[in-house]
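So the structure is just underneath, and the comments pick up after that.
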Amino acid sequence: MTRIIAGAARGIRLDVPGAGTRPTSDRVRESLFGALESMDAIDGARVLDLYAGSGALGLEAWSRGATAIDLVERSRSAAMTVGRNTAAVSRALGGANAATVHQSTVHAFLGRASGPYDLVFTDPPYDLDDSTMTADLIALAPLLSPEAVVVVERARRSTPPDLAAAGLSPLREKVYGDTAVWWAEPLSR
C-alpha cells in the first residue's frame, strides 16, 4: 500500500498503476523527505515530478507545503491513476488546486515547460538508458531556480547520473536496498 506519509494529507492512500511502475517505498520517501525538510526545500516550492508513476513523490511534497506541482507521466493509464490520486490529495487539502497532471513524455514536456522549479523528482524506470537520463537532465537545467534541489532515483546497479553534463553539482547520495538516490543543485548556486 502506498500512502501519503506526512503533512496535511497524511494517511491518504494512493492507487498504484498496474504495470510498468515501481513506486518509491514509504521507507525511502520518509528518509528522502526528512532530508528535504532539513534543507528547507519543500515549503512554498514549485515542484516537478518526472516519470510520476503514482505521483507519490510530487503529492507528498504537496501535502508537506509545496505550492505548485507538475506531475509528468507518459502512460495514459498511469496518468489517469495520478489524476485520481491528485484529486484525493486535493480533497484532503480542502479542495486546493495546485497540482497538474501532464500526460507526456518527459523530454517533450521539458521542451515546452516554463520554470523555474524549486524541487524536482526524477524517478525513471530502472531500465532507462544513461543517454536518455542525461538528455533529460540537460533539458531540465534551464528550468531550475538558482536554489533548486534535484532528486534522482535509480536502481543501485545503475550508472550514477551524469550531473555535471547538466550543470548540476552533487549534494549527497544514499542507497536503500536496491534503490539509489542522488540529490543535486545547480552549479551556479
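When you scan region 14-25, do you find a residue that is surrounded by 21 or more Cβ atoms within 10 Å (Cβ to Cβ), part of a strand (DSSP E or B), more than 11 Å from the chain's Cα centre (by Cα) and of a type in the set (A, V, I, L, M, F, W, C), even just one? Yes, there is a match, as at least one residue in region 14-25 is surrounded by 21 or more Cβ atoms within 10 Å (Cβ to Cβ), part of a strand (DSSP E or B), more than 11 Å from the chain's Cα centre (by Cα) and of a type in the set (A, V, I, L, M, F, W, C).
Among the criteria (1) in a loop (DSSP other than H, G, I, E, B); (2) within 15 Å of the chain's Cα centre (by Cα), the one Ala6 does not fulfil is (2).
Can you find a residue in region 109-128 that is of a type in the set (A, V, I, L, M, F, W, C), modelled with pLDDT of 95 or more, surrounded by fewer than 17 Cβ atoms within 10 Å (Cβ to Cβ) and within 20 Å of Val47 (Cβ to Cβ)? Break it down stepwise before answering.
Filtering region 109-128 down to residues of a type in the set (A, V, I, L, M, F, W, C) leaves 109-110, 113, 119-121, 128.
Still in the list and also modelled with pLDDT of 95 or more: 109-110, 113, 119-121.
Next, only the ones that are surrounded by fewer than 17 Cβ atoms within 10 Å (Cβ to Cβ) stay: none.
No, region 109-128 contains no residue that is of a type in the set (A, V, I, L, M, F, W, C), modelled with pLDDT of 95 or more, surrounded by fewer than 17 Cβ atoms within 10 Å (Cβ to Cβ) and within 20 Å of Val47 (Cβ to Cβ).
The set of residues in region 82-124 being over 20 Å from Arg10 (Cβ atoms), of a type in the set (Val, Ile, Thr) and part of a helix (DSSP H, G or I) consists of Val106 alone. When you scan region 43-55, do you find a residue that is touching a residue at least 60 places away in the same chain (Cβ under 8 Å), surrounded by fewer than 24 Cβ atoms within 10 Å (Cβ to Cβ), within 12 Å of the chain's Cα centre (by Cα) and closer than 12 Å to Arg3 by Cα, even just one? Scanning region 43-55, I find no residue that is touching a residue at least 60 places away in the same chain (Cβ under 8 Å), surrounded by fewer than 24 Cβ atoms within 10 Å (Cβ to Cβ), within 12 Å of the chain's Cα centre (by Cα) and closer than 12 Å to Arg3 by Cα, so the answer is no. Residues of region 164-189 that are aliphatic (A, V, I, L, M), in a strand (DSSP E or B) and loosely packed, with under 13 Cβ neighbours inside 10 Å: Val175 alone.
The values are calculated or read from the model by the stated rules, or taken from the named source; none is laboratory data. No experiment lies behind these values; they were computed from the predicted model shown. Glycine gets a Cβ as well: all are built from the backbone with ideal geometry, and neighbour counts include every protein chain shown.
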